[in-house]
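First up is the structure itself, then whatever we jot down about it.
The values are calculated or read from the model by the stated rules, or taken from the named source; none is laboratory data. The model shown is predicted, which means the values in this text are computed figures rather than measured ones. Reconstructed Cβ throughout: ideal geometry from the backbone, glycine too, with neighbour counts over all protein chains shown.
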């Protein structure tokens, strides 16, 4: 799936900008704090989407790994704010940045299906993080992917956290939630 995603990224260099055009205006306007991510490898770049949320008045945040087995935390972030490597070496907001809890999380993925299952990198970090956030309050989770990352069925386990919707360069897809 990583190789497939790299191919998709090369074929659609403007995919992130095109995806923003498919985001429902109601979703754009209802979020107060949006947790995004810094794209790694060929992940679809969330910054055009995050900029649209910021323009609509949302506060932005990025995840920080404090420990390999702990849920991620989110810290407030604006373009130009300082970044430092987290526990995985990913540039993240510094410890001086305010810790926040997003009401929406933009999640990267390797593959997705229409029932809201996602295949991540395999470490369970987003599953632990989303479970912890959702235990405290409702959180809308938007998967961000290339349309070509859709597969018929993502194998899922009971601890896997589902997406509420998926945004691609071709469409906004509400998850069917066929439990």
Just one of 44, 23, 28 is touching a residue at least 12 places away in the same chain (Cβ under 8 Å), under 22 Å from residue 130 (Cα atoms), outside any helix (DSSP H, G or I) and more than 13 Å from the chain's Cα centre (by Cα); which is it? 23
Just give me the residues in the stretch 121-167 being under 15 Å from residue 46 (Cβ atoms) and within 12 Å of the chain's Cα centre (by Cα), in sequence order. 126, 140, 141, 142, 143, 144, 145, 163, 165, 166, 167
Please count how many residues of the stretch 47-80 are farther than 22 Å from residue 95 by Cα and either touching a residue at least 60 places away in the same chain (Cβ under 8 Å) or assigned to a loop (DSSP other than H, G, I, E, B) (or both). 3
Look through the stretch 28-48, keep the residues that are over 26 Å from residue 153 (Cβ atoms) and touching a strand residue (DSSP E or B) at 6+ places or on another chain (Cβ under 8 Å), and return whichever of them is surrounded by the most Cβ atoms within 10 Å (Cβ to Cβ). 35
Take residue 96 and decide whether it is at pLDDT 95 or above and in contact with a helix residue (DSSP H, G or I) (Cβ under 7 Å, 6 or more places away or on another chain). no
Scanning for something more than 16 Å from the chain's Cα centre (by Cα) and closer than 21 Å to residue 169 by Cα, does the stretch 61-68 turn up at least one residue? no
